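Input: a single structure, listed below in structure tokens.
What follows draws every value from the coordinates through simple rules; no lab data is involved. Just so we're clear, the structure is a prediction, and the values are computed from it rather than from any experiment. Cβ atoms come from the backbone with ideal geometry, glycine included; neighbour counts cover every protein chain shown.
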Amino acid sequence: MRVSIETSMRVGRGAAFASIFFAAAGIPLANAQILPSDAKQTCTVPAATFATWFQSGSPALNGVVNPANSGLFPNPIDNCPFYQWSEQMFMWLTSPAPSIYGGGSRVFDTDVFYDVSPPDASGQRQFLPHAPGLIRFFPLRAAQVGPHGLQVLLDKAGNMLEVVHPLLSATGKPLIRNTAGRLVEVSNIKVGRAGKAIFLDKAERVIRVPEVERGKTVPVERILPGIMAEMVRNPAIAIVTTNPRLLAGLNPARTVQNFLINGIHIFVNFSGNVVEVEQGQADGSVLLTQSGQLVYFAAIVNDVYAYFLTGTKDGGITPAPTSFPTTQSALTQIQSFATAHGGPTFTDGVALTMELKTAWVEASTLTDPSSYVTTTGQIPVYITSNQNLWVATGTTKTVQLALVGMHVVGSVNGHPEMIWATFEHVGNTPLGTFNYDNASSTQTVTQTTTGTWLFAANGAAAPFNTPHADFIVAPNIERANGFPISGSNTLRWKPFGGGFNQAPNPLAKSTPLGPPTTSASNTQVISINNNIQGMMASAGAGADVRNNYIMSGATWTAGGVPPTTPFPGGNEVGTSRLTNSTMETYQQGPDNNANGFNCLDCHQGNMLGDTFGGGLSHIFGTLKVLF
């Protein structure tokens, strides 16, 4: 099947666009996401450099790409090298696997990589070496977790909230402690004056909640509305808990309790106020395509990551690392440890540590599966006859899967916090309104949902990003927000990681002396996508399946220090309002302003990860060593 790049239409204020067409079918693939072809070329890869990415020395259809040498990353002040690294790594990971990798269809599904299991009952994960061409773990998406390993949500203003859960009775009802010191079941919650929560027992009587005495020791599992407010007034109050993940710096202004009352989630902060969250958010939303097919997720790491983790945790690498490796000398230590334990000589050790999160749908349900990167995987089986409840059978089936999204995360010289980049298929979702710069002015591209999309109906209207299914009572899937289990209408609000009302990066300037702008940041990302697709087309490789994926951005921190919050208030830069429509579908915020999550908002803490799934890498702390 041959793909050609053609100019298709004008949108917004005279903006020219490039669309990708499937000539054989006569159907535009980019009835999907299309990129402005007249964007200023502010971030490109020199043709001679691009040629060196390929093992053959020149771009070619299905050509094998080398990984970027992360230890030699220039650690620049300019954004563009970060985007160049991201693009090269994606093309390497999705390259057809040469024989040196020992089999498998693509580099990421060879024995150089390890599957990462979902957490077991004790919260632990394990490595499983790839059987080339088969990925074993494809669960549904679990709830998005934040820097403390707790579920996170957005309030109506787009601020991140961390969620703790009350104690439950034997019948599954939430419990709070009354003024007599007894735990009482909450049967209902009403909203009183000034938004205060009024808790009612099963007889519809008001449950009186005690105030906290100064100096009292408070078990976190029994935090009640009012207690956290007292802790703010008196930090000397001690916190004790059997769950250490709750000890590490919870922000009371950004922490809520989730009370499930008659199937409705009510979120109460620790001042006793009911908090409105973004529409439809709950514990764990499930994403489905418009045809009602589930989206599955897999976590994958490379062998350098696996041996680095093992040597760090079992003391085999000394002194014990405190951050991900960024230098050749650190790689040498990891290789020496692997060799001493009968491990491999790293085929692509120059990549340093790589962590991938991937999203997939069953290829057989797509009208154009040949336009996707595919692999074989094992997915859970559900009984789907009841559109209100899909019941897990406890069995799996082996199917061909098509890649719809990928987070590419890796450590590089000067950046132990890692570069966090994301890619998705151009057929996923329509894009929210965005702007960019051409040679003469800033252009605005107006949102349109017309077209055939995997995750939105043709001509879909608001509300967007409201889940129709959730995974609250795992392993079953339930209807959500009054909808039957079905595909919701998804929109990528901030298409290239920048909000209209706030520049995402201090280096994204419209002119060398001008202020940073969102349009300039968007232009850099659009520019490098256009540049690489154009060079592939010029080399006769326009039909390469990798051309059907767009990088929507990458984020890192200024100076490579632990992340805090996005620029300008914090140090998270690059495309610092970055989301992927398949992975942060319901955490994008309510509009295209600077709200919602950024990758590094949830991946904070120390430079590795803690044992409860928090910290920088949510899987590092929970993974068992290789041996």
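Quick check on packing: order 403-409, 253-259 by the mean number of other C-beta atoms within 10 Å, highest mean leading. Could the numbers behind the result be given before it?
Working: 403-409: 25.9, 253-259: 18.9.
The most tightly packed comes first, giving 403-409, 253-259.
So, counting K/R as plus one and D/E as minus one, what does the shell of residues with Cβ under 10 Å around Phe324 add up to? List each step's numbers first, then the result.
Values: positive: none; negative: Glu355, Glu417.
Neighbourhood net charge equals -2.
Taking the C-alpha atoms only, the angle from helix 518-538 to the longest principal axis of the chain is near 40 degrees. Check cross-link reach from Lys313 to the lysines: straight Cα distance under 16 Å, and skip same-chain residues fewer than eight apart. List returned: Lys624. For the residue pairs Lys40/Lys509; Lys40/Lys357; Lys357/Lys509; Lys40/Lys494; Lys196/Lys494, the C-alpha atoms sit more than 22 angstrom apart in Lys40/Lys357; Lys357/Lys509; Lys196/Lys494. Couplings 3J(HN,Hα) of region 430-445, computed from phi: x, 9, x, 4, 9, 10, 7, 10, 10, 5, 10, 6, 8, 9, 10, 9 Hz, in residue order, whole Hz [Karplus 6.51 cos²θ - 1.76 cosθ + 1.60, θ = phi - 60°; x for Gly and Pro]. According to the square roots a ≥ b ≥ c of the eigenvalues of the Cα gyration tensor, what is the shape class of region 476-602, taking rounded for a/c under 1.5, prolate for a/b larger than b/c otherwise, and oblate for the remainder? Cα axes put region 476-602 in the oblate bin. Listed values for region 108-123 are Karplus-derived 3J(HN,Hα) couplings in whole Hz (6.51 cos²θ - 1.76 cosθ + 1.60, θ = phi - 60°), namely 5, 10, 9, 7, 6, 10, 10, 6, 10, 6, x, x, 7, 4, 9, x, and x replaces Gly and Pro. Taking amide H as placed 1.01 Å from N in the peptide plane, Arg106 has its amide H under 5 Å from the amide H of Ala97, each at least 5 places away in sequence or on another chain.
Entry note, the chain: relative contact order of 18 percent, from Cα contacts under 8 Å with a spacing of 6+ residues. What is the angle, in °, between the Cα long axis of helix 80-93 and the longest principal axis of the Cα atoms in the chain? Nearest 10 is fine, range 0 to 90. Tilt relative to the chain: about 80 degrees. Annotation: amide H-H contacts under 5 Å for Asn273 (H modelled 1.01 Å from N, sequence separation of 5 or more, or interchain): Ala197.
Summing +1 for each Lys or Arg and -1 for each Asp or Glu among the other residues whose beta-carbon sits under 12 angstrom from that of Val561 gives -2. In terms of its alpha-carbon gyration tensor, region 69-126 comes out oblate; a/c meets the 1.5 threshold, while b/c is at least as large as a/b. Taking the chain as a whole, the Cys residues whose C-beta sits 4.7 Å or farther from every other Cys C-beta are Cys599, Cys602.
The angle between the Cα long axis of helix 328-340 and the main principal axis of the chain comes to about 80°, on a 0 to 90 degree scale.
Test of understanding: extend the Cα→C-beta vector of Ser56 to 7 Å, then name every residue of region 545-559 with backbone N under 15 Å from that spot. Within reach of a label on Ser56, which here means backbone N under 15 Å from a point 7 Å along Cα→Cβ, region 545-559 contributes 545-546. Put simply, the amide H of Leu154, placed in the peptide plane, has neighbours under 5 Å in Leu161, Glu278, leaving out anything fewer than 5 places away on its chain. Counting 0.36 nm for each residue step from Arg177 to Thr398 and taking away their Cα separation leaves a gain of 74.7 nm. Backbone geometry of region 145-152 corresponds, through the Karplus equation with coefficients 6.51, -1.76 and 1.60 at θ = phi - 60°, to 3J(HN,Hα) couplings of 10, x, x, 10, x, 9, 4, 10 Hz, x marking Gly and Pro. Residues Ile261, Ile532, arranged from fewest to most other Cβ atoms within 10 angstrom of their Cβ, appear as Ile261, Ile532. Please label the shape of region 359-473 as rounded, prolate or oblate, based on the square roots a ≥ b ≥ c of the eigenvalues of the alpha-carbon gyration tensor (a/c under 1.5 means rounded; beyond that, a/b larger than b/c means prolate, else oblate). Verdict is oblate for region 359-473.
Grab the other residues whose beta carbon is less than 10 angstrom from that of Met354, score K and R as +1, D and E as -1, and report the net. Don't skip to the end; give the middle numbers.
Numbers: positive: none; negative: Asp303, Asp348, Glu355.
Charge balance near Met354 sits at -3.
From the coordinates of this entry, P(r) over Cα pairs in 10 Å bins from 0, in percent is computed, and it appears in [x] 3, 13, 19, 21, 20, 14, 7, 2, 1, 0, 0; [y] 3, 15, 23, 23, 18, 12, 6, 1, 0; [z] 3, 16, 27, 27, 17, 7, 2, 0 under the label [z]. Spacing of the modelled spin labels on Phe483 and Glu204, each 7 Å from Cα toward Cβ, amounts to 3.3 nm.
Rounded to the nearest 500, the helix-only mean residue ellipticity at 222 nm of the chain stands at -3500 deg cm²/dmol, with each DSSP H run of n ≥ 4 adding -39,500 (n - 2.57).
May I ask you to order 461-471, 516-526, 338-348, 145-155 by the average number of other C-beta atoms within 10 Å around their residues, highest value first? Intermediate results must be reported in sequence, preceding the final value.
On the way: 461-471: 20.4, 516-526: 26.5, 338-348: 15.1, 145-155: 22.4.
My ranking of the peptides, most packed first, is 516-526, 145-155, 461-471, 338-348.
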